[in-house]
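Each remark here refers to the structure printed beneath this line.
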Amino acid sequence: MMSYHVVIGVEVHAQLRTQSKLFCSCATTFGHSPNSQTCPVCLGMPGSLPVLNQLAIEMAIRVGLALNCTIRADNHFARKNYFYPDLPKGYQISQYEAPICENGWLEVSSHETAKRIRICRAHLEEDAGKNVHQPRATESRVDLNRTGTPLLEIVTEPDLRSAEDVDAYLRSLREILMYLDVCDGNMEQGNLRCEPNISLRATENDPFGTKVELKNINSFRFVRDAIEYEVRRQSKVLSEGGTIQQETRLWDEVQGQTVVMRSKEEAHDYRYFPDPDLLALNLSSEMIDSIRVTLPELPSSRKQRLIQTFQLPEDDAEILISSKALADYFEACVQLFPHPKTVSHWVMGELLRELNTRNISAQDSFMTPAQLIKLLQLVDQGSISLKVAREIFPELYAGGQNPESFVQEQGLSQVSDEGALMRFIQEVLLNHPAQVSQYQGGKETVLGFLVGQVMKASQGKANPGKVNELLKKALSQSS
Amino acid sequence: MNIDKEEVEHIAMLARLTIPEGEKEQFSEHLSQILTFVDQLREVDTEGVPQTSTIVTETNVLREDIPRDSFTVEQATANAPQSLDGFFLVPKIIADRD
């Protein structure tokens, strides 16, 4: 089969975290009983009028600025007309000719190289409702709670070249949306949706091929799987001399393949026109600047700062910034205990493992930064060994105890007292005369064995550094 | 401006209207007449007049992001031809897979 060059552009729908809908005051809470969050506006009743949600505008501007976009001063809303049962008005209010954000870019790193993905536009629109299909039922059920929830549709130029590129782009975008606190970023719950457009061409210099849009992808893994499947499918069609149909295909996660969405579900002729129910929205540069100054530090600059300030390896910084809460946790720890490498080691290792097991964010950690640091200080002071610290971590985390009192209660304190250690050492030296004479005959590698014996005799509580030191001393004296 | 029979069929499809074959010619005539009438607007000299989609000059009418009470489920579904367990019921959209 011939190998083709892959070209991908991505549309992402990010649900904005407002409390109320885009054009009415119904709540946007997820999971309430069907049709309990509707009103004349979002049900599309005659005579009702939409009024724009100010916070949704601000959130869109925040995203636009973070994605290096130009924010449009004169905004209009348009009607996109089509019939479907989840769209009670018969049209979706969207932005067509005048998107609020345009011409931006996002730098992502894929295949270990940095790549700038151009953002063509990001516009505001309202979400549709939800259709529920039950097998063999004669009707479909419609829940309009989601109808009118604000979405920001973020569209790239066709700058992506592989499933890995799309994965890297999506992850970076998601991090930014979460840092900006404008989206929950959960693909499984559908508040972040990804629709890639894929086409193939024989060489990089050829014009773009016919593109296929993929929908119904609800996890990062499925994004990769669906793109890889679609690339294989199109390659096969083209290799066999066929042509690609411009169409929308749905990812079927059970079959692991893409299937054509029936044309019945599509509408190509949207007849966009300006929505006469909404007034123009003019954004002054003062307003945009007032939002610009409130932007938080974004993941990419935070990563650079962590690398430079704390001399962390890039991979470590990448893991820490993957969630704002985790990076905040790390920095709170370093404030209390200025050993960034030790702290990052524990935060990325033991802590992250506990958080992942419980599927919670660092801000909901049972163990506070102060408690973690107390544990690290106990190790640092030689009160407990590193090994013990690691062993008791899960229990400490789950119980939320003070590490100091936990160590005392459990009798885990490391033995650093010279008298006590010397008693273990004398005993070991007496029981292993052969190794003692080997050591004294110049075979210094036996020292490790003897240290091990002392640790064993102390049931792991002896301070290994101290044992090493005292053992050497004892061996040189007894010769 | 002429709207031919094919265009009438397309518009009817978009509006989900069934137009009897015998009436299509009539609709073609009516729609063409309406457009020809509106076409007179082209005679107005609009040189130097900025394009607009509204005659209302007020802008930036916004509301704060505060949720308020919605309809009850009963109110929401009161006008529905069919509802069940709080859902609107509509003719089945997706065919069962074999």
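Observations, loosely collected:
- Hey, A:P40 surrounded by fewer than 24 Cβ atoms within 10 Å (Cβ to Cβ), assigned by TED's automatic domain parsing to the domain that holds A:L279 and either at positive phi or touching a strand residue (DSSP E or B) at 6+ places or on another chain (Cβ under 7 Å) (or both) or not: no
- Residue in region A:359-376 that is within 20 Å of A:C333 (Cβ to Cβ), touching a His at 6+ places or on another chain (Cβ under 8 Å), surrounded by 13 or more Cβ atoms within 10 Å (Cβ to Cβ) and at pLDDT 85 or above present: yes
- Residue list for region B:65-78, restricted to those being in a loop (DSSP other than H, G, I, E, B), out of contact with any helix residue (DSSP H, G or I) (no Cβ under 6 Å at 6 or more places or on another chain) and at the interface with chain A (Cβ under 7 Å from one of its Cβ atoms): B:I66, B:P67, B:R68, B:S70, B:F71
- Qualifying residue in region A:354-372 (condition: closer than 21 Å to A:K461 by Cα and either assigned to a helix (DSSP H, G or I) or assigned by TED's automatic domain parsing to the domain that holds A:Y179 (or both)): yes
- Looking across A:R161, A:R193, A:R146, A:R174, one residue alone is in contact with a Lys or Arg (Cβ under 9 Å, 6 or more places away or on another chain), more than 30 Å from A:K236 (Cα to Cα) and basic (K, R). It is A:R146.
- Residues of region B:32-51 include at least one that is farther than 24 Å from A:G90 by Cα and within 14 Å of chain A (Cβ to nearest Cβ).
- Only one of A:L250, A:L306, A:L312 that is outside the structural domain of A:T70 (by TED's automatic domain parsing), surrounded by 15 or more Cβ atoms within 10 Å (Cβ to Cβ) and either touching a Ser or Thr at 6+ places or on another chain (Cβ under 8 Å) or modelled with pLDDT under 90 (or both): A:L312
- Those strands (runs of 3 or more DSSP E) lying entirely in region A:210-262 with at least 3 residues of a type outside the set (A, V, I, L, M, F, W, C) and touching a strand residue (DSSP E or B) at 6+ places or on another chain (Cβ under 6 Å): A:247-252
- Among residues of region A:275-295, those that are surrounded by 17 or more Cβ atoms within 10 Å (Cβ to Cβ) and assigned to a strand (DSSP E or B), counted: 1
- No other residue among A:Q54, A:Q15, A:Q19 is in the same structural domain as A:D269 (by TED's automatic domain parsing) and in contact with a Gly (Cβ under 9 Å, 6 or more places away or on another chain) apart from A:Q15.
Every residue, every condition in (1) under 30 Å from A:Q363 (Cα atoms); (2) in contact with a Lys or Arg (Cβ under 9 Å, 6 or more places away or on another chain); (3) in a loop (DSSP other than H, G, I, E, B); (4) of a type outside the set (A, V, I, L, M, F, W, C), yes or no:
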position: A:V407; (1), (2), (3), (4): yes, no, no, no
position: A:V428; (1), (2), (3), (4): no, yes, no, no
position: A:K466; (1), (2), (3), (4): no, no, no, yes
position: A:E469; (1), (2), (3), (4): no, no, no, yes
position: A:A474; (1), (2), (3), (4): no, no, no, no
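- Residues of region B:1-17 satisfying the condition of being within 14 Å of chain A (Cβ to nearest Cβ) and either in contact with a helix residue (DSSP H, G or I) (Cβ under 6 Å, 6 or more places away or on another chain) or part of a loop (DSSP other than H, G, I, E, B) (or both): B:A15, B:R16, B:L17
- Residue within region A:322-334 that is over 23 Å from A:S109 (Cβ atoms), over 17 Å from the mean Cα position of the chain (by Cα) and among the aliphatic types (A, V, I, L, M) present: yes
- Candidates A:T38, A:T29, filtered to the one that is in contact with a Gly (Cβ under 9 Å, 6 or more places away or on another chain) and farther than 30 Å from A:R232 by Cα: A:T38
- Taking region A:323-343 as the range and being surrounded by fewer than 17 Cβ atoms within 10 Å (Cβ to Cβ) and touching a residue at least 40 places away in the same chain (Cβ under 8 Å) as the test, only A:H339 passes.
- Residue in region A:48-62 that is at positive phi, more than 10 Å from chain B (Cβ to nearest Cβ) and over 22 Å from the mean Cα position of the chain (by Cα) present: no
- Going through (1) touching a strand residue (DSSP E or B) at 6+ places or on another chain (Cβ under 7 Å); (2) of a type outside the set (S, T, Y); (3) farther than 19 Å from A:L106 by Cβ one by one, A:R121 falls short only on (3).
The values are calculated or read from the model by the stated rules, or taken from the named source; none is laboratory data. Bear in mind that the values here come from a model prediction, so they are computed numbers and not experimental data. Note: ideal-geometry Cβ built from the backbone for every residue, glycine included; neighbour counts use all protein chains shown.
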